[in-house]
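Here the structure is laid out as structure tokens; the discussion comes afterwards.
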Amino acid sequence: MIRFKAKPVDSSLPVVGVLLLFMLTPVLGLFKVWPLPYAMAVSLSLLCVGLAFGYVLLRSRDSNYRFNVAVFLFLGLTAVLAVSVVLNSYAYEATWRWYAIAFIVCIMALVAASEFKARDPRTFHNSISFFLWLSCFVSGIASLLKYYGLLTLILPWVESADGRLSGVWGQSNLTTTTCWLGLLAGAVVFSRKEHKGGWYASILVFGWVLACAASRMSWLMVIGLFALTFVSRLSRYRVEETLNGSRLLVRGVVLVVILLLVVPLINQPLRESLVSFGLLDQSAAVSLAGRDVFHDSARLTELSKISSVGDVFSWPQWLFGVGPGHYPVFSYHADMSIPPQGLASGTWLHSHNIFSMIFVEFGVAGLAVVFAFVVGVASAALKAPMNLPRFFSIGGIGLLFIHSNLEFPLWNLWFLVLLCLLLTNLFDVREIKGGSDWLKPAVGLSGLVMVVMLLVNVGYQYARIVDVAGKSQRGSQDLQALSFLANDSLMGPYAVLRKYRDFAPESTSIDWQLREARRMKAWQPRDLVVLREFSLLILKQDVRDACKVAEQSAYRYPRSGPIMLDHSRLAGGLSPSQITEIANCIEKGLAPRGETILSMQEKNQAEISN
């Protein structure tokens with residue numbers, strides 16, 4: 001039996017409860033609705049930060065404000081964001097507003113965590129390490145139940161995954177990072193305990209999940225954790241209390257590597273047997289050993305787009321970027337001038353590298369802020385002996401840093417707030433004197449009220465989107481509901497995406513719909529959005545512009561080729577010669593990819609059959 005021994009002092013116990021609730025948030029990833037799959041997890045993360053911030057400031061007995069140097073990262077990014085937004089134009093302002101909200105929430109999280117740590121640093125460390133391990137362990141079990149179709153028996157809307165395990169996050173790499181964080185936290189937690197049954201059980205769960213997720217990133221995580229244990233044992237950083245934790249971590253990593261190689265031998269026949277019982281539709285599985293570690297043309301292609309900025313960036317954009325949330329547009333336009341071999345099937349909303357992402361959206365100014373902070377974290381990590389809290393924090397920050405150079409975990413609010421907690425555990429707490437005794441509680445109450453009002457606002461709109469998405473039969477009232485939400489500054493474009501997925505274009509007000517589609521394309525030029533623009537041009541019988549869009553769409557999204565031809569035929573307003581002209585434009589777009597309308601039609605049908 002696992003016992004967690006913490007020493008809540010004064011009013012710390014409610015904050016510990018909020019911290020537990022926050023850490024268990026990933027499980028809400030099972031409740032997802034497109035196009036906002038992480039809305040539930042983000043909402044609970046926001047609520048937890050608001051509750052913690054409001055509580056610790058309202059209950060504070062002094063007027064001093066406590067924080068750590070990580071606050072300056074988000075203050076700096078907020079300042080760059082403000083300048084970048086002023087210098088760039090926006091079709092929809094939702095994305096940069098969510099950026100601003102995330103930065104403000106992180107500052108609140110850092111202040112709340114610093115207040116908690118100042119009262120009892122050991123309790124703070126014990127709380128985040130234990131609750132992180134518990135959260136990752138629970139998420140790992142839920143991920144396995146989902147992968148093998150058992151969770152569907154309880155939650156019918158949860159679909160089992162074919163091939164790679166996607167886990168509670170619905171994304172293999174996020175689930176991979178969650179498990180490695182759990183392994184690190186487990187080594188720290190169980191270094192303080194005599195009985196290790198829970199430790200070896202968690203190794204089995206984490207290793208099994210990692211093997212089924214088959215993320216090549218795991219090899220980098222292995223190297224990173226081995227490097228952490230090596231440095232922690234150097235004479236300059238060696239601390240007695242850390243030795244047992246580093247020993248357990250090495251043992252855990254070795255056992256996980258063994259599981260990465262052994263589990264695939266068991267996984268395939270196990271899935272085949274579950275197919276025979278009707279729990280799974282397909283038995284296909286992917287092994288990490290069977291994946292090419294060094295072949296990743298899509299990410300390399302995305303990174304190569306940075307070389308094109310010299311031709312497209314103005315001087316203000318060099319300094320402050322194209323604007324927060326504008327990476328999809330940058331990526332889409334860059335796609336049109338590069339060979340098709342490395343193109344992914346859809347437009348990437350993130351660059352999959354934190355430095356290139358920040359450079360494109362925030363410019364050199366934003367990149368300087370982030371780079372300076374990374375140097376500051378490295379300096380703080382190596383300046384003192386590595387006790388257990390520092391060992392845990394450095395390891396957790398390192399894992400998130402590895403992932404951030406390959407993908408976008410910090411654009412998920414849960415991972416971003418977790419980073420704030422790890423930074424607080426690493427950095428010393430600082431404080432500034434407040435002006436009066438009533439101001440600090442007032443700030444806490446204001447922050448809490450702000451978060452609650454935000455959640456009430458977006459929660460209502462999200463509930464409307466979920467209501468429409470959950471219906472098997474949708475009518476005009478549902479269309480009107482989504483059209484009404486389209487005007488909202490935070491949820492508007494997401495409601496439009498849902499509308500495009502569930503409803504065909506209307507035969508009236510075509511010009512208005514076309515303006516909306518082009519606004520959406522200027523925000524996120526997804527295949528769904530470009531296809532909507534094409535369909536509206538066909539309804540308008542604007543063959544010339546439709547041809548231009550058809551060629552671009554066929555090149556960037558080749559699977560849309562046969563669909564566009566079908567739309568042209570079904571619209572009913574085009575002559576045979578006009579349909580032929582559209583078909584020629586589609587073929588012209590597919591030609592660089594070595595495809596034709598017929599070949600893509602066969603691939604689409606094969607995809608549907610599978």
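The values are calculated or read from the model by the stated rules, or taken from the named source; none is laboratory data. Note that the structure is predicted; figures quoted are calculated from it, not measured. Heads up, the Cβs are rebuilt from the backbone with ideal geometry, glycines too, and the neighbour counts pull from every protein chain shown. SASA here: full protein model, heavy atoms, side chains in, ligands and nucleic acids out. Shrake-Rupley method; radii C 1.70, N 1.55, O 1.52, S 1.80 Å.
Taking the stated definitions as given, is Asp478 open to solvent by less than 80 Å² (accessible area, probe 1.4 Å), at pLDDT 90 or above and among the acidic types (Asp, Glu)? Spelling it out, Asp478 is indeed open to solvent by less than 80 Å² (accessible area, probe 1.4 Å), at pLDDT 90 or above and among the acidic types (Asp, Glu). Taking (1) in a helix (DSSP H, G or I); (2) open to solvent by 30 Å² or more (accessible area, probe 1.4 Å); (3) in contact with a helix residue (DSSP H, G or I) (Cβ under 9 Å, 6 or more places away or on another chain) in turn, Ser489 satisfies each apart from (1). Does segment 240-286 hold any residues that are assigned to a helix (DSSP H, G or I), farther than 30 Å from Met386 by Cβ and not polar (S, T, N, Q), and which are they? Once the filter is applied, which keeps residues that are assigned to a helix (DSSP H, G or I), farther than 30 Å from Met386 by Cβ and not polar (S, T, N, Q), segment 240-286 yields Leu261, Val262, Val263, Pro264, Leu265, Ile266, Pro269, Leu270, Arg271, Glu272, Leu274, Val275.
Of all residue pairs spaced 6 or more apart or on separate chains, those with beta-carbon atoms under 9 Å, a first member in segment 238-261 that is under 24 Å from Arg122 (Cβ atoms) and open to solvent by 10 Å² or more (accessible area, probe 1.4 Å) and a second member that is in a helix (DSSP H, G or I) and not hydrophobic (A, V, I, L, M, F, W, C) are Arg238/Ser232; Val239/Ser232; Val239/Arg390; Leu243/Ser232; Arg247/Thr229. Looking only at segment 292-314, decide whether some residue is surrounded by 13 or more Cβ atoms within 10 Å (Cβ to Cβ) and in contact with a Cys (Cβ under 9 Å, 6 or more places away or on another chain). So far as segment 292-314 goes, no, none of its residues is surrounded by 13 or more Cβ atoms within 10 Å (Cβ to Cβ) and in contact with a Cys (Cβ under 9 Å, 6 or more places away or on another chain). Exactly one residue among Ile394, Ile432 is surrounded by 21 or more Cβ atoms within 10 Å (Cβ to Cβ) and over 17 Å from Leu51 (Cα atoms), and that residue is Ile394.
One residue stands out in segment 498-516 among those that are assigned to a helix (DSSP H, G or I) and within 21 Å of Tyr462 (Cα to Cα): the one that is farthest from the chain's Cα centre (by Cα), namely Glu516.
Of all residues in segment 397-427, count the ones that are open to solvent by 10 Å² or more (accessible area, probe 1.4 Å), without any contact (Cβ under 8 Å) to a residue 60 or more places away in the chain and not hydrophobic (A, V, I, L, M, F, W, C). Result for segment 397-427: 1. Residue check: Val189 meets all listed conditions (1) under 29 Å from the mean Cα position of the chain (by Cα); (2) modelled with pLDDT of 95 or more; (3) surrounded by fewer than 20 Cβ atoms within 10 Å (Cβ to Cβ) but one, namely (3). For segment 498-520, residues that are in contact (Cβ under 8 Å) with a residue 40 or more places away in the chain, open to solvent by less than 50 Å² (accessible area, probe 1.4 Å) and under 20 Å from His333 (Cα atoms) total 1.
Only one of the numbered conditions (1) assigned to a loop (DSSP other than H, G, I, E, B); (2) closer than 21 Å to Thr596 by Cβ; (3) open to solvent by 40 Å² or more (accessible area, probe 1.4 Å) is violated by Pro558, and that is (3).
Filtering segment 276-291 to residues that are loosely packed, with under 15 Cβ neighbours inside 10 Å and modelled with pLDDT of 80 or more leaves Ser276, Phe277, Gly278.
For segment 9-106, the helices (runs of 4 or more DSSP H) that sit wholly inside it and include 1 or more residues that are open to solvent by 60 Å² or more (accessible area, probe 1.4 Å) and within 30 Å of Gly321 (Cα to Cα) are 70-87.
Of the residues making up segment 523-547, those that are more than 22 Å from Gly323 (Cα to Cα) and assigned to a loop (DSSP other than H, G, I, E, B) number 3.
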